[in-house]
Amino acid sequence: MLIILTSLWLLLSGHYTGLILSLGLISILLVSVLSIRMQLLDYEQPDSFRQTVYSIPYGFWLLKEIVKSNIDVSLRILNPALPIKPQLYNLKTSQRAELARVSHANSITLTPGTISIDVDDDSIEVHVLSQSGLEGLLDGEMDARITRVEDRSYG
Amino acid sequence: MNDPVYLIACCLLILGAVFVLIGLLGVFRMPDFFTRLHAASIIDSMGTLLIMLGLMLMSGINLITVKLFLILLFILITTPTAAHALAKSALHGKLKPKLGDDKS
């Protein structure tokens, strides 16, 4: 992790004077100490390389969904009648690991028209703006895709 | 100036600005807190996505592109977390969301 942080700092700063480098060293140590105190390291870690690779197709799929729902919500906003039907819905999820559940909740919130409000062990409380947003969640494709990424990266 | 990549970048920037405007309009038009969050998430996702893509195309392939990509990635991870925190604290603070299709 120290190597990753150091290369990130060198990549982003681009200055190699003594002062900047020592500031970088201090921030790297600070982040490391905080991560260890928060017990973020060695924390239900799957193979993170495989996880990253398998997340890429999911990212593209999510991008497509974001564009679709953005257009849907934008049209609703621009419609003078404001055709919305806000609802709360308790969505069942099939992810086991916390990281996958958080990814699912964040994907839901990132897609306009749906916001995750509460995350439990096997369900997410969702606030949806319209019926079409709810139907998009109910077909369960997002859930299935994240579970597939999870299974593969642990497998 | 008539470089096609530059023109595409300009179109992306303008489109991004349009989505930011739509999101802003939505924040004003929506009836309650939770529905306003939905409108704000348009700015977070589509607005930043298009503007960052436009800037990346404009800068060409170099270190700045990498930095812009990292900025985009971190924005896409942190904004839903912030929106979730807002929604959760609002609901737990006994703010009742308006349900159904009633309009105010």
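Considering every residue within segment A:89-98, establish whether at least one is under 25 Å from B:P31 (Cβ atoms) and of a type in the set (G, A, S).
The answer is no; no qualifying residue exists.
Say whether the condition of being acidic (D, E) and part of a helix (DSSP H, G or I) is met by at least one residue in segment A:118-127.
Scanning segment A:118-127 turns up no residue that is acidic (D, E) and part of a helix (DSSP H, G or I).
For B:I61, are the conditions met, namely being part of a loop (DSSP other than H, G, I, E, B), farther than 20 Å from A:N79 by Cβ and more than 8 Å from every other protein chain (Cβ to nearest Cβ)?
Taking the combined requirement at face value, the residue satisfies it.
Tell me whether segment B:18-34 contains one or more residues that are more than 25 Å from B:G93 (Cα to Cα), touching a residue at least 12 places away in the same chain (Cβ under 8 Å) and small (G, A, S).
Yes; the residues of segment B:18-34 include at least one that is more than 25 Å from B:G93 (Cα to Cα), touching a residue at least 12 places away in the same chain (Cβ under 8 Å) and small (G, A, S).
Please specify each residue of segment A:32-60 satisfying the condition of being exposed (fewer than 14 other Cβ atoms within 10 Å of the Cβ), part of a helix (DSSP H, G or I), modelled with pLDDT of 75 or more and away from chain B (no Cβ under 14 Å).
Answer for segment A:32-60, where residues must be exposed (fewer than 14 other Cβ atoms within 10 Å of the Cβ), part of a helix (DSSP H, G or I), modelled with pLDDT of 75 or more and away from chain B (no Cβ under 14 Å): A:V33, A:L34, A:I36, A:R37, A:V53, A:P57.
If a residue has to be in a helix (DSSP H, G or I) and within 8 Å of chain A (Cβ to nearest Cβ) to count, how many in segment B:30-58 make the cut?
Looking only at that region, the number is 11.
Is one or more of the residues making up segment A:73-81 basic (K, R) and buried (at least 17 other Cβ atoms within 10 Å of the Cβ)?
The answer is yes; a qualifying residue exists.
Report every pair of residues separated by at least 6 positions or lying on different chains whose Cβ atoms are under 8 Å apart, first residue within segment B:71-99 and within 7 Å of another protein chain (Cβ to nearest Cβ), second surrounded by 14 or more Cβ atoms within 10 Å (Cβ to Cβ) and of a type in the set (F, W, Y).
B:A87/B:F34; B:P97/B:F33; B:P97/B:F34; B:K98/B:F34
Checking A:I117 against (1) among the aliphatic types (A, V, I, L, M); (2) more than 9 Å from chain B (Cβ to nearest Cβ); (3) in contact with a His (Cβ under 8 Å, 6 or more places away or on another chain); (4) within 20 Å of B:F33 (Cα to Cα): exactly one of these is not met. Which one?
If we test A:I117 against (1) among the aliphatic types (A, V, I, L, M); (2) more than 9 Å from chain B (Cβ to nearest Cβ); (3) in contact with a His (Cβ under 8 Å, 6 or more places away or on another chain); (4) within 20 Å of B:F33 (Cα to Cα), just (2) comes out false.
The values are calculated or read from the model by the stated rules, or taken from the named source; none is laboratory data. Just so you know, these numbers come straight off a predicted model, no measurement behind them. Counting neighbours? That spans all protein chains shown, and the Cβs are built from the backbone with ideal geometry, glycine included.
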